[in-house]
């Protein structure tokens with residue numbers, strides 16, 4: 001379903017500089033969109049047009065198929081449905097306290113006192129700032145201000161949230177928190193549009209990318225399509241995402257292969273598959289191209305997980321009875337990624353899961369879960385980039401636990417399952433404290449035999 | 001970061017006490033202090049208010065004394081002049097300075113002590129308010145006192161942007177200092193001028209941005225202010241009553257007393 005659409009949009013500033021020209025975009029509901037371009041390429045102006053703040057000289061904007069009207073009543077509707085978060089939080093936060101700033105939007109929508117209070121509480125809880133609600137903005141850090149600005153927009157419950165450079169001026173952990181937050185809103189059905197010149201972010205995060213340069217749209221498509229086009233990127237004054245660049249370099253050296261462009265570090269690791277060759281003794285009668293079952297290996301012969309079932313394809317048989325085989329490994333006792341929903345939290349249960357589940361790596365996503373863990377003295381190994389790092393640990397046969405809450409549980413579950421499906425590497429994924437949770441894979445120690453290789 | 005009075009007020013535990021109670025205490029102190037005819041009551045009020053600010057309000061004592069020093073210095077110099085040049089009663093102390101006779105007389109001293117005590121009690125009362133009630137709590141009071149809506153809205157916006165511009169001014173000043181903008185008097189003047197004009201232009205731009213930001217959240221010409229309900233607890237009420245009664249009693253019994 002198309003939620004926002006523009007047709008040959010044009011806007012020129014009063015001094016004659018063209019800010020956007022001939023922009024045609026279609027934004028589908030529930031997508032994560034990134035507008036990528038240099039500074040001054042017209043992204044911010046486009047956003048003000050999409051929010052009804054500026055009126056285009058030419059072309060039109062359609063919201064749910066109906067063209068924008070610029071009378072005050074229609075504008076109100078549009079601004080309620082399309083929220084915008086500015087690049088500089090100080091421009092956006094104008095009330096003397098956090099609470100009053102977040103309440104500004106809902107109060108303008110004419111909600112009752114109780115309803116305003118409820119939306120503000122809800123929004124602040126979501127961004128993890130409930131405790132700071134009586135603080136004045138100048139006592140907050142940059143990341144906190146950004147979250148207040150986002151809460152101020154969220155409290156109006158818009159269908160589309162537009163963020164202009166959401167991660168500029170934030171430290172890496174603060175940036176990760178904002179990305180987590182955006183993913184969570186998206187999971188609950190909001191359409192998210194961001195502008196950025198951070199190609200890594202656009203490549204990793206978005207579903208669909210628009211490239212802008214000199215006030216025009218010069219390219220669009222999925223991140224994998226757009227960032228493949230070196231020429232296009234050069235024209236836009238951008239470079240390739242780091243992950244993709246590394247991948248191309250190792251691919252050129254024959255050390256990696258894959259069908260998709262890897263987006264995250266686990267994806268990248270998964271493409272690292274040099275041919276795994278080995279000399280083995282083969283029984284007579286085996287011919288080149290046959291499959292051999294080599295059984296279970298462990299120790300130094302198992303490279304991906306503690307125990308591996310290995311099949312081999314015979315490539316070449318030497319006259320003395322030995323053959324070169326290509327190994328296909330399949331982890332048996334692979335690691336796993338377990339999720340724990342902290343909405344139903346009990347310290348005792350978490351401790352037990354960590355002990356009984358032989359969990360060696362614990363991470364927390366979201367402010368609430370981090371605070372809980374800190375309070376109860378649960379040692380956290382990782383607090384940012386949690387999903388990726390947990391997948392990487394699970395690939396090495398380690399067992400990981402992620403503490404998280406709300407929509408982030410499903411988001412994390414989806415991401416990890418996607419990885420398992422895509423890579424074909426099996427490891428356990430599941431939510432512990434939920435109906436139909438998961439049990440650890442049964443140990444396979446009982447029937448291991450040493451192999452004479 | 002520079003700490004201003006408002007920051008101490010924001011961190012004070014007394015911030016969460018009912019605003020009207022605090023205002024009542026302050027106005028009571030001001031009125032009683034000024035109308036007292038002996039210096040004892042104002043001194044008592046000054047002591048109580050200082051105690052409340054430092055002990056209950058957790059204002060650092062050193063900071064509080066430093067703060068008090070500036071106006072107290074003024075008051076003291078004025079008081080010394082009064083002591084020497086007014087009154088006509090019995091001489092307590094006299095000497096000649098460059099063959100000009102100077103004398104402190106009893107009623108002159110009495111008067112000067114009264115002036116000192118009154119100004120001190122007034123200052124302590126106002127500091128109590130300033131150090132325990134941040135501006136953001138006072139907006140609700142302004143609203144309840146039926147001031148025009150637009151006045152309150154403006155003051156809220158101004159309050160917020162004071163800090164934005166303060167930060168901006170400090171960083172501009174820093175940028176000028178590291179490039180020797182304040183190395184001599186002439187340069188200081190011209191740097192100051194540049195700072196002022198830059199700030200003016202920036203604040204102009206900020207106004208535009210502010211309008212944009214408010215508009216994009218459906219601004220319709222009215223900023224709603226939600227007052228936080230803070231009920232007065234029994235202990236607070238009791239303590240205030242004890243203070244009021246003892247101050248009034250002191251006022252009554254020291255009405256005709258002269259201390260000298």
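Read-outs: derived from the displayed coordinates by stated rules, not from any lab. Note that the structure is a prediction, hence the values are computed from the model and not measured. Every residue, glycine as well, gets a Cβ built from its backbone with ideal geometry; the counts of neighbours run over all protein chains shown.
Data table
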{"read-out": "Cβ-Cβ FRET estimate between residue A:277 and residue A:417, R0 fixed at 35 Å, reported to 0.05", "value": "0.65"}
{"read-out": "Mean separation of Cα contacts under 8 Å, 6 or more apart, over the residue count of region A:96-202: relative contact order %", "value": "28"}
{"read-out": "Extension gain, residue A:286 back to residue A:380 (0.36 nm per residue minus Cα-Cα distance, nm)", "value": "28.7 nm"}
{"read-out": "Three-way shape call for the protein assembly as shown based on the alpha-carbon gyration tensor, with the a/c threshold at 1.5", "value": "prolate"}
{"read-out": "Size descriptor, Kirkwood hydrodynamic radius, that averages inverse alpha-carbon separations across region B:130-179, Å", "value": "12.8"}
{"read-out": "Neighbouring partner chain Cβ atoms per residue of B:206-215, average, 10 Å criterion", "value": "5"}
{"read-out": "Debye-sum result for region A:2-240 in log10 I(q)/I(0), which assumes one identical scatterer on each alpha carbon, at q = 0.12, 0.16 Å⁻¹", "value": "-0.67, -1.18"}
{"read-out": "Normalised contact order of chain B, rounded percent, pairs of Cα under 8 Å and 6 or more residues apart", "value": "29"}
{"read-out": "Fewest-first sequence of B:41, A:271 by Cβ atoms within 10 Å of each Cβ", "value": "A:271, B:41"}
{"read-out": "Volume of the Cα convex hull of region A:22-124, divided per residue and given in Å³", "value": "143"}
{"read-out": "Residue exposure sequence - A:328, B:22, B:62, A:146 - by fewest surrounding Cβ within 10 Å", "value": "B:62, A:328, B:22, A:146"}
{"read-out": "Peptide B:220-232 - average C-beta neighbours from other chains (10 Å radius)", "value": "3"}
{"read-out": "Computed helical MRE - 222 nm, the protein assembly as shown, DSSP H runs ≥ 4 contributing -39500 (n - 2.57), nearest 500", "value": "-15000 deg cm²/dmol"}
{"read-out": "Highest to lowest packing among A:237-243, B:136-142, scored as the average C-beta count within 10 Å", "value": "B:136-142, A:237-243"}
{"read-out": "Region A:72-134 shape via C-alpha gyration tensor axes, a/c threshold 1.5", "value": "oblate"}
{"read-out": "For region A:336-431, average projected area of the Cα convex hull in nm²", "value": "5.3"}
{"read-out": "Distance from region B:182-260 to region A:350-381 (C-alpha centre basis), Å", "value": "44"}
{"read-out": "Average other protein chain Cβ within 10 Å of Cβ, residues A:75-87", "value": "2"}
{"read-out": "Shape parameters for chain B, alpha-carbon atoms, Rg then Dmax in Å", "value": "24.3, 78"}
{"read-out": "Three-way shape label, region B:1-154, alpha-carbon gyration tensor, a/c 1.5", "value": "prolate"}
{"read-out": "Inter-site label distance for residue B:4 and residue A:2 at 7 Å from Cα along Cβ, in nm", "value": "5.1"}
{"read-out": "Gyration tensor (Cα) of region B:140-215, equivalent ellipsoid semi-axes in angstrom", "value": "33, 14, 10"}
{"read-out": "Principal axes of region A:1-78: Cα extent on each, largest first, Å", "value": "33, 29, 19"}
{"read-out": "Inter-label distance for residue A:249 and residue B:242, nm, one decimal - labels placed 7 Å from Cα along Cα-to-Cβ", "value": "7.4"}
{"read-out": "Sorted by Cβ density within 10 Å, fewest first, the residues B:20, B:204", "value": "B:204, B:20"}
{"read-out": "Interatomic Cα distance distribution for region B:174-260, bins of 5 angstrom, percent", "value": "3, 10, 8, 7, 7, 6, 6, 6, 8, 10, 13, 13, 4, 0"}
{"read-out": "Distance (nanometres) between label positions extended 7 Å along Cα→Cβ at residue A:39 and residue A:169", "value": "1.3"}
{"read-out": "Pairwise centroid distance, computed over Cα atoms, of region A:52-129 with region A:163-181, Å", "value": "20"}
{"read-out": "Part-to-part distance (alpha-carbon centres) for region B:57-122 and region A:197-228, which is given in Å", "value": "75"}
{"read-out": "Spin-label zone in region B:109-146 - amide nitrogen under 18 Å from a point set 7 Å from the Cα of residue B:85 along the C-beta vector", "value": "B:109-116"}
{"read-out": "Backbone N within region A:46-87 under 15 Å of label point (7 Å from residue A:31 Cα along the Cβ vector)", "value": "A:62-65"}
{"read-out": "R0 of 30 Å, Cβ-Cβ distance residue A:410-residue A:231: FRET efficiency to nearest 0.05", "value": "0.15"}
{"read-out": "Nearest-ten-degree value, helix A:367-376 long axis tilted from longest Cα axis of chain A", "value": "60"}
{"read-out": "Region A:172-213: proportion of alpha-carbon pairs further apart than 15 angstrom, %", "value": "44"}
{"read-out": "Ratio of the Cα radius of gyration of region B:1-79 to 2.2 N^0.38 Å, where N counts its residues", "value": "1.21"}
